[in-house]
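Heads up, the thing below is written out as structure tokens.
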Amino acid sequence: MNKKKPLFRRLLPWLITAAVLAVLIIFVFVPIYSVKEDIDREEPEYFAYSGDDKEMTMENDKLLFAFDPLTTQFTVTDKATNHIWRSNPEDVDSDPIALKAEKERMKSTLVVSYSTTDGVVTHFNNFTYSVENGVYDVVRLDDGSIKVNYTIGKVNKTFYVPYAVTEERMNELIDSMSKSDKRKVTDSYRLYNPEKYKASDDVAALEAMYPGLAEGKKMYILRNGVADHVKLKLQTYFQSVNYTTEDYYKDLENIADTGAANAAVFNASIIYRLEGDDLVVEVPYDEIRYFPDFPITYLAVLPAFGATSTADQGYMIVPDGGGAIINYNNGKIAQNNYYANMYGWDWGSERRQAVNETRCTFPLYAMTDGDDSFLCILEGNSSYAGILADISGRANINSYNTCYARYTVLHSDQYDVSAKSNNRVYIYEEQVSGGNIVQRYRFLNTNNYAEMASYYGDYLANRYPSLTPNENPDLPVSVEVLGAIDKMLQQAGLPQQVEVPMTTFDQGAEMMDSLLESGIRNLKLIYTGWANGGLQQQVLTGVHTVNALGGENGLRQIIAKAKDKGVDLYLDGAVEFAYDSDFFDGFIAFRDAAKYTTRDRIELYPYSTIWYTPMKWRDASYLVKPSYMQMCAKNLLNKLDELGVEGVMFRDVGSILSADYNPKDFVSREESKQIQLGIMADAEAKDLKVATKLGMDYALTNADLVTEMDLMGGAYSIIDVSVPFYQIALHGRLEYTGSPINLAGDYRTQLLKAAEYGAGLNFSLMAEKAQVLQNSFYSGYFASSYGEWGDLAIQLANEYQSAMSGLGNQKIVGHERIAEKVAVTRYENGTSVYVNYGDAPYSADGVTVPARSYTVKGGR
């Protein structure tokens with residue numbers, strides 16, 4: 001006879017099932033299927049200009065701003081030189097290659113791009129779709145600044161006449177008109193009497209359109225088909241009795257449907273003010289309006305400001321790498337225009353292909369005109385921006401050279417409906433983020449980019465007080481020490497992922513001794529892969545030193561030794577991404593991962609260098625929620641504070657900036673920037689030095705060291721020459737190094753670029769031989785073995801520091817190309833660094849530079 005199971009054992013499977021279902025409902029189905037309440041979104045307002053043609057001005061000791069209210073175009077006169085800068089070219093209509101639509105765009109001060117759920121993008125410029133129709137307003141604000149409110153879209157020309165009013169209201173309006181004018185006005189209207197409809201009247205439709213009729217009121221309604229010239233005359237009659245735009249919009253309330261709903265109509269405002277020597281232009285995001293069916297995706301601000309023609313000479317500066325020059329009319333008309341995202345890709349946006357990176361580290365562009373120039377510095381909402389530059393004649397678009405910023409307003413991602421459908425559906429952010437676009441135009445009486453960069457350096461030093469003069473005269477040498485990696489190995493006959501030490505803490509200490517004993521000065525050690533599984537670091541819900549490297553005791557010993565030797569030791573940490581982490585590590589993807597606008601979790605894979613798409617056969621990582629990032633950063637900083645280490649190297653904070661588009665917990669890119677700044681401030685509060693990568697301008701607030709600064713830039717064919725614009729601004733105020741020389745495809749070019757840009761040298765080294773990296777995903781470190789590269793690294797670093805001695809605390813005051821492949825960088829102490837990228841020696845004016853080398857003259 002079978003013995004009955006205890007009741008608990010019989011119920012256990014049901015209890016487990018119930019628990020699993022409860023977890024799924026709470027953490028999965030509720031977040032996915034819960035519907036957020038409708039957002040209280042304001043609809044676009046219909047503005048109307050009713051002022052005169054009198055020029056409006058703002059003026060101070062430096063600038064004169066003159067604004068034309070009929071076109072909303074303006075000029076800025078630099079009173080020191082009487083140079084006039086124009087918002088739009090004067091002779092657009094005579095452009096021999098531009099089509100009508102392009103000419104109208106060049107007359108605009110704002111260009112709105114909108115889309116639909118199928119992803120089709122349409123562009124409206126505010127000249128054609130606002131100014132010409134008179135649907136804008138100009139306001140003088142209390143502080144003297146000028147604000148222009150635009151209604152942009154396919155709005156019929158507005159005539160300020162009542163389209164539907166009660167009989168009583170009409171009699172009040174025409175009472176003071178002459179008998180003749182009264183007759184002319186009433187002839188264009190029909191008086192509807194609810195008690196005496198015509199047999200042909202559609203009573204239901206009339207009373208639905210004009211609710212006053214349903215209430216029994218007699219109403220004058222403008223007849224259908226009244227010609228525009230007649231409406232214009234009617235407008236004159238009503239203006240004569242002081243009928244205002246406010247009266248017009250008040251009377252529109254008598255109509256239930258004005259035809260505006262679900263139309264491609266937008267509101268955007270632009271504010272101009274003078275601040276000292278600068279023109280400041282603002283576009284408030286919280287005043288942008290749109291209808292839900294037509295989400296506004298981009299906004300281009302002053303796309304034609306400073307535009308130059310085919311007759312002009314000069315150049316544009318774009319923030320590519322350290323800076324790049326595009327000469328006006330350079331003839332590269334078959335190339336693509338320049339475009340790059342400010343601060344690089346937003347990983348909160350789905351990326352189906354990664355062909356190349358478009359990244360700007362500093363939010364600035366500049367243009368010259370004759371002996372003058374302007375800098376445009378993006379101060380507000382800069383993380384939403386991209387920089388566009390174009391030359392005259394390219395693709396036969398127009399005859400002007402232009403450079404401007406375009407901002408993302410509503411972000412979107414493509415939603416895959418099903419595998420059986422080719423239809424594309426795009427999901428957009430639910431509302432516009434806050435903040436203002438702020439562009440600061442600084443007008444300079446020079447066309448020398450080194451002098452322009454010097455002005456930018458002064459601006460940065462004023463904006464970021466931490467950018468004080470360097471004390472150390474030696475350029476830094478930073479060394480990334482590779483700690484542990486993860487690798488699949490056979491253990492007990494089974495393949496297992498294990499931690500493999502590449503440089504133990506004892507070996508790292510020996511490496512440090514070797515570098516110091518060779519004579520290298522101002523050494524910075526950055527230990528990567530020291531915690532939580534190694535280089536592919538697991539989430540920092542707890543911080544655990546890798547035992548295979550020597551454990552925490554070994555780590556404390558190298559920390560103490562670095563302090564004793566005067567070496568800045570930084571321990572690295574990644575807090576924005578979850579690598580190889582799961583529930584047991586404190587990471588639950590459906591709870592802790594950030595989301596796209598489609599509400600899908602942001603699951604990331606490495607991209608193939610062959611076909612550029614994600615390699616989904618590799619392990620996935622996740623972009624984490626900003627709140628989770630803060631928690632991991634706090635844990636990291638607390639651990640480093642406990643260890644007493646000199647500094648923290650953020651692998652992602654300060655260099656990777658992403659939003660979380662989860663509609664239930666939305667964090668914009670600008671808000672994410674502020675969170676990152678808070679993390680770096682927390683590090684500073686713990687007396688930790690902060691090292692970041694790339695050198696994003698917003699991270700300069702707290703950075704003590706920047707590594708892997710982008711000195712090369714992108715391979716844009718439209719660019720004529722790269723220049724150290726950003727480095728001129730920063731040198732002598734911040735220590736920075738380039739990418740690791742030994743990992744470069746051409747280490748000599750990387751070394752020469754460092755010499756030209758005044759950068760310290762950077763190396764990536766490990767104690768193990770390169771063969772240990774075989775059968776792992778770390779083949780990019782094959783050139784890191786200290787046994788194979790150590791001697792050459794020491795030689796290059798000592799030669800470099802000796803030649804560049806005394807320049808670490810000097811400002812760069814000049815830079816120029818003195819030959820096609822030869823550049824010279826000049827310092828404030830009189831030192832000149834000549835760099836020859838060519839394959840033949842260069843000799844001129846008493847200076848000889850060997851091929852593929854550099855020579856330092858003067859100074860000391």
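If I ask for residues that are surrounded by fewer than 21 Cβ atoms within 10 Å (Cβ to Cβ) and of a type in the set (A, V, I, L, M), which ones from region 638-682 would you list? Listed by number, the residues that qualify are L643, I675, L677, A681. Within the span defined as region 222-231, one or more residues are touching a residue at least 12 places away in the same chain (Cβ under 8 Å), in contact with a Lys or Arg (Cβ under 8 Å, 6 or more places away or on another chain), under 19 Å from L252 (Cβ atoms) and part of a loop (DSSP other than H, G, I, E, B). Of S115, S108, all but one fail to be under 25 Å from S269 (Cβ atoms) and at pLDDT below 95; the exception is S115. Scanning region 154-175 for residues that are open to solvent by less than 10 Å² (accessible area, probe 1.4 Å) and either among the charged types (D, E, K, R) or touching a Gly at 6+ places or on another chain (Cβ under 8 Å) (or both) yields a count of 1. Selection of region 176-192 for residues being out of contact with any strand residue (DSSP E or B) (no Cβ under 8 Å at 6 or more places or on another chain) and surrounded by fewer than 20 Cβ atoms within 10 Å (Cβ to Cβ) yields S176, M177, S178, K179, S180, D181, K182, R183, K184, D187. Within region 683-700, work out how many residues are touching a residue at least 60 places away in the same chain (Cβ under 8 Å) and open to solvent by 50 Å² or more (accessible area, probe 1.4 Å). Selection size over region 683-700: 1. Within region 94-109, the set of residues being assigned to a helix (DSSP H, G or I) and more than 21 Å from D369 (Cα to Cα) comprises K100, A101, E102, K103, E104, R105. On the basis of being among the polar types (S, T, N, Q) and either assigned to a strand (DSSP E or B) or crowded, with 19+ Cβ neighbours inside 10 Å (or both), does N329 make the cut? So N329 fits the description; yes. Residues that are of a type in the set (D, E) and either at pLDDT 65 or above or open to solvent by less than 100 Å² (accessible area, probe 1.4 Å) (or both) number at least 1 in the following strands (runs of 3 or more DSSP E) confined to region 1-86: 56-59, 74-78.
Taking region 88-129 as the range and being in contact with a strand residue (DSSP E or B) (Cβ under 6 Å, 6 or more places away or on another chain), closer than 23 Å to D312 by Cα and open to solvent by 30 Å² or more (accessible area, probe 1.4 Å) as the test, only R105 passes.
When you look at E670, is it without any contact (Cβ under 8 Å) to a residue 60 or more places away in the chain and not in a loop (DSSP other than H, G, I, E, B), yes or no? Taking the combined requirement at face value, the residue does not satisfy it. Count of region 496-553 residues, restricted to those that are hydrophobic (A, V, I, L, M, F, W, C) and closer than 17 Å to V772 by Cα, is 6.
Only a single item in (1) surrounded by fewer than 20 Cβ atoms within 10 Å (Cβ to Cβ); (2) touching a Lys or Arg at 6+ places or on another chain (Cβ under 7 Å); (3) not in a loop (DSSP other than H, G, I, E, B) is not met by W345, and it is number (3). For the structure I just gave you, tell me whether I427 is in contact (Cβ under 8 Å) with a residue 24 or more places away in the chain, hydrophobic (A, V, I, L, M, F, W, C) and either touching a His at 6+ places or on another chain (Cβ under 7 Å) or open to solvent by 10 Å² or more (accessible area, probe 1.4 Å) (or both). The answer is yes for I427. In the set V539, V498, only one residue is hydrophobic (A, V, I, L, M, F, W, C), in contact with a helix residue (DSSP H, G or I) (Cβ under 7 Å, 6 or more places away or on another chain) and either open to solvent by less than 10 Å² (accessible area, probe 1.4 Å) or not in a helix (DSSP H, G or I) (or both); that residue is V539.
When region 800-823 is limited to residues that are assigned to a loop (DSSP other than H, G, I, E, B) and open to solvent by less than 10 Å² (accessible area, probe 1.4 Å), the one that is nearest to Y842 (Cα to Cα) turns out to be M804. Checking each residue in region 432-454 for being outside any strand (DSSP E or B) and either on the phi > 0 side of the Ramachandran plot or under 23 Å from the mean Cα position of the chain (by Cα) (or both) picks out V432, S433, G434, G435, M452, A453. The set of residues from region 721-749 being among the polar types (S, T, N, Q) and open to solvent by 20 Å² or more (accessible area, probe 1.4 Å) comprises S722, S739, T749. Tell me, yes or no, whether region 370-385 has at least one residue that is in a strand (DSSP E or B), buried (at least 19 other Cβ atoms within 10 Å of the Cβ) and touching a Cys at 6+ places or on another chain (Cβ under 7 Å). Taking every residue of region 370-385 in turn, none turns out to be in a strand (DSSP E or B), buried (at least 19 other Cβ atoms within 10 Å of the Cβ) and touching a Cys at 6+ places or on another chain (Cβ under 7 Å).
Taking the criterion of being touching a Pro at 6+ places or on another chain (Cβ under 6 Å), modelled with pLDDT under 95 and open to solvent by 10 Å² or more (accessible area, probe 1.4 Å), would at least one residue in region 618-637 satisfy it? Yes.
May I ask you to say which residue of L515, L475, L460 is open to solvent by less than 30 Å² (accessible area, probe 1.4 Å), in a loop (DSSP other than H, G, I, E, B), of a type in the set (A, V, I, L, M, F, W, C) and on the phi < 0 side of the Ramachandran plot? Of L515, L475, L460, the one residue that is open to solvent by less than 30 Å² (accessible area, probe 1.4 Å), in a loop (DSSP other than H, G, I, E, B), of a type in the set (A, V, I, L, M, F, W, C) and on the phi < 0 side of the Ramachandran plot is L475.
The values are calculated or read from the model by the stated rules, or taken from the named source; none is laboratory data. Quick caveat: nothing in here was measured; it's all calculated off a predicted structure. We place every Cβ from the backbone using ideal geometry, glycine too, and count neighbours over all the protein chains shown. Please note that ligands, DNA and RNA were not included when accessible areas were found on the heavy atoms of the full protein model with its side chains. Shrake-Rupley method; radii C 1.70, N 1.55, O 1.52, S 1.80 Å.
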